[in-house]
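Trainee: Quick one: structure below, then a few questions.
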Amino acid sequence: AAIISKLSRRQKTLLERLKPGDQLAPSSYYEEMQGIVSQRQAQRDLSGLESGGWLRQEGEGPSTVYIRTRQDTP
């Protein structure tokens with residue numbers, strides 16, 4: 001339960017928007033967050049969701065996408 005309380009409002013909003021199987025390119029999330037948080041923080045948002053099991057990373061480098069898993073939104 002500890003990890004759930006650590007999810008930010010941004011992370012929860014992103015999870016609510018994505019349906020299982022939806023893909024998200026990190027660059028589009030960075031663009032969306034521009035002026036809100038740094039790219040580094042946006043990267044932390046995504047990696048936190050990945051380590052929590054809500055996103056699965058596929059590909060490497062510029063072709064990386066995150067895929068929404070079936071894990072329920074906290």
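Trainee: Got a number for residues in segment 28-46 being open to solvent by 70 Å² or more (accessible area, probe 1.4 Å) and either touching a Gly at 6+ places or on another chain (Cβ under 9 Å) or free of Cβ contacts under 8 Å to residues at least 12 places away in the same chain (or both)?
Mentor: Qualifying residue count, segment 28-46: 7.
Trainee: Can you confirm whether residue 43 is farther than 15 Å from residue 10 by Cβ and either part of a helix (DSSP H, G or I) or not small (Gly, Ala, Ser) (or both)?
Mentor: Spelling it out, it is not the case that residue 43 is farther than 15 Å from residue 10 by Cβ and either part of a helix (DSSP H, G or I) or not small (Gly, Ala, Ser) (or both).
Trainee: Going by the structure shown, is residue 19 in a loop (DSSP other than H, G, I, E, B) and either open to solvent by 50 Å² or more (accessible area, probe 1.4 Å) or without any contact (Cβ under 8 Å) to a residue 40 or more places away in the chain (or both)?
Mentor: The answer is yes for residue 19.
Trainee: Still on this structure, I have one more. Considering (1) surrounded by 13 or more Cβ atoms within 10 Å (Cβ to Cβ); (2) assigned to a helix (DSSP H, G or I); (3) not β-branched (Val, Ile, Thr), say which one residue 7 fails and leave the rest.
Mentor: Condition not satisfied by residue 7: (2).
Trainee: Sticking with this structure for a sec: Given the conditions (1) loosely packed, with under 13 Cβ neighbours inside 10 Å; (2) in contact with a strand residue (DSSP E or B) (Cβ under 8 Å, 6 or more places away or on another chain); (3) assigned to a helix (DSSP H, G or I), which single one is not true for residue 14?
Mentor: Unmet for residue 14, out of (1) loosely packed, with under 13 Cβ neighbours inside 10 Å; (2) in contact with a strand residue (DSSP E or B) (Cβ under 8 Å, 6 or more places away or on another chain); (3) assigned to a helix (DSSP H, G or I): (1).
Trainee: Let me ask something else. State whether one or more residues within segment 47-57 are assigned to a loop (DSSP other than H, G, I, E, B) and either in contact with a His (Cβ under 8 Å, 6 or more places away or on another chain) or loosely packed, with under 11 Cβ neighbours inside 10 Å (or both).
Mentor: no
The values are calculated or read from the model by the stated rules, or taken from the named source; none is laboratory data. This structure is a prediction, so every number in the text was calculated from the model and none was measured. Don't worry about glycine lacking a Cβ; one is built from the backbone with ideal geometry, like all the others, and counts go over all protein chains shown. Ligands, DNA and RNA are excluded from the accessible area calculation, which covers all protein heavy atoms including side chains. Shrake-Rupley method; radii C 1.70, N 1.55, O 1.52, S 1.80 Å.
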